[in-house]
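Q: Have a look at this one before I ask anything.
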Amino acid sequence: ALAAAPSADLAGVSVVVSAGGTREPIDPVRFIGNRSSGRQGVAVALAAAERGAEVTLVAAHLDAGVLGDAQAHPRVRIAHVGTAGELAEAMTDAAAAADVVVMAAAVADYRVAEVAPRKLAKEDADGGLTLHLVQNDDILAGLVRGRRPGQVIVGFAAETPGEGETLLERGRRKAARKGADLLAVNEVGWSVGFESTDNAVSLLTADGDVVAEVAGSKRAVADALWDEVNGILNKQ
Ligand code: CTP
Ligand code: CA
C-alpha cells in the first residue's frame, strides 16, 4: 500500500501561537521570570505549520535550540517579545487576522511598578529589598472578549494541585473564568512539566467538559490539540 500523503487538514487556516516565558525588568540587568521552556508552544506552532496552517509564533525569550525547525519552516513567522506588555500587543495585532489563537506562553502575572533606571545596589538598601508589583492584564481573557466571529481560542494552564482540590477542579474553575474554547491543563511541580520533553494534558471546554486526555511527547499533545480545534472549526 502507498503511504498516506502528509495531512494538510489545517491548510488555509491562520494561526497565532504564543510560547515561552515573559520577563519583567526590575532594573537594567535583572528581571522576574519563570521556568517555561517554550517547548510545548513551539510544538503547537510547528505541528500547525506542518498540517498546512499559516503560523505566527510570538516568542517570549525562546532560544534557537528550542525554536529548532520552526525557524526554517516556510509557513512560520516568528515575532520576538520580552515583557507581558509586549506579548499582549503582539498577540492583539496578530489575533485580528487569525482563525485560531493559542496562548501557550507563561505570562508574568505581575510586573515591577517602577523599573529602576540604574542597577540596584546593596549599599542603597538596608539589609533587604521590597519590590512593589502590580498585576498585568490577562491577555487571554482580553483576546476572548475581543474575538472575531468564529475565532477559536485556546489557553494553557500549568497547575500544581493543592490541598483538597484536584487538578481537574482547579482547571475547571480556570476554564470557566477564561472562557476560551479549550484549556489545556497539565500538572507541574519542581520536577515535572517545564523542562521535560513529555507532557500530559487534559483538554477542557469552558463548561469544564474533558474532551481529550493525552500523555506523550509535546508533539503528540500538540496534534491532539489541533485535532480538537479542527473539529470545532469544521462544525462552524
Ligand atoms: N495568561 C494570559 N495573561 C496573563 C496570565 C495568563 O494570557 N496575564 C494566559 C496564559 O498564557 C495561559 C492561561 O492564561 O494560556 C492560563 O494561565 P495561568 O497562569 O494558569 O492563569 P492565571 O489566570 O494567571 O491564574 P493563576 O493565578 O493561577 O496564575
Ligand atoms: Ca498566572
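Q: Which strands (runs of 3 or more DSSP E) does the stretch 2-77 wholly contain that include 2 or more residues that are of a type outside the set (A, V, I, L, M, F, W, C) and out of contact with any helix residue (DSSP H, G or I) (no Cβ under 7 Å at 6 or more places or on another chain)?
A: Of the strands (runs of 3 or more DSSP E) lying wholly inside the stretch 2-77, those with at least 2 residues that are of a type outside the set (A, V, I, L, M, F, W, C) and out of contact with any helix residue (DSSP H, G or I) (no Cβ under 7 Å at 6 or more places or on another chain) span 24-27.
Q: Scan the stretch 124-135 and report the pairs whose first residue is modelled with pLDDT of 95 or more and whose second residue is loosely packed, with under 10 Cβ neighbours inside 10 Å, with Cβ atoms within less than 7 Å and a gap of 6+ or a chain change.
A: If the second residue must be loosely packed, with under 10 Cβ neighbours inside 10 Å, the pairs left are His132/Ala113; Leu133/Ala113; Val134/Ala113.
Q: Could you list, in sequence order, all residues of the stretch 150-163 that are at pLDDT below 95 and loosely packed, with under 15 Cβ neighbours inside 10 Å?
A: Once the filter is applied, which keeps residues that are at pLDDT below 95 and loosely packed, with under 15 Cβ neighbours inside 10 Å, the stretch 150-163 yields Thr160, Gly162, Glu163.
Q: Is it the case that the stretch 158-180 has a residue that's of a type in the set (Val, Ile, Thr), more than 20 Å from Asn34 (Cβ to Cβ), out of contact with any His (no Cβ under 8 Å at 6 or more places or on another chain) and more than 10 Å from ligand 1 (Cβ to nearest atom)?
A: The answer is yes, given that some residue of the stretch 158-180 is of a type in the set (Val, Ile, Thr), more than 20 Å from Asn34 (Cβ to Cβ), out of contact with any His (no Cβ under 8 Å at 6 or more places or on another chain) and more than 10 Å from ligand 1 (Cβ to nearest atom).
Q: Separate question: Please verify whether Ala180 is assigned to a loop (DSSP other than H, G, I, E, B), of a type outside the set (Asp, Glu) and modelled with pLDDT of 95 or more, treating the condition exactly as stated.
A: yes
Q: Considering the stretch 140-149 alone, what residues qualify as being away from ligand 1 (no atom under 13 Å from the Cβ) and loosely packed, with under 10 Cβ neighbours inside 10 Å?
A: Once the filter is applied, which keeps residues that are away from ligand 1 (no atom under 13 Å from the Cβ) and loosely packed, with under 10 Cβ neighbours inside 10 Å, the stretch 140-149 yields only Pro149.
Q: Same structure again: Restricting to the stretch 106-139, and then to whatever is within 8 Å of ligand 1 (Cβ to nearest atom) and in a loop (DSSP other than H, G, I, E, B), can you tell me which residue is surrounded by the fewest Cβ atoms within 10 Å (Cβ to Cβ)?
A: Asp137
Q: Follow-up question, since we're still on this one. What's the total number of residues in the stretch 85-95 that are within 16 Å of ligand 2 (Cβ to nearest atom) and without any contact (Cβ under 8 Å) to a residue 60 or more places away in the chain?
A: 2
Q: Something else: Does at least one position in the stretch 96-105 carry a residue that is assigned to a loop (DSSP other than H, G, I, E, B), hydrophobic (A, V, I, L, M, F, W, C), within 25 Å of Thr205 (Cβ to Cβ) and within 16 Å of ligand 2 (Cβ to nearest atom)?
A: Yes, there is a match, as at least one residue in the stretch 96-105 is assigned to a loop (DSSP other than H, G, I, E, B), hydrophobic (A, V, I, L, M, F, W, C), within 25 Å of Thr205 (Cβ to Cβ) and within 16 Å of ligand 2 (Cβ to nearest atom).
The values are calculated or read from the model by the stated rules, or taken from the named source; none is laboratory data. Nothing here was measured: the structure is a model prediction, and the numbers come from that model. Here Cβ is always computed from backbone atoms with ideal geometry, including for glycine, and neighbour counts include all displayed protein chains.
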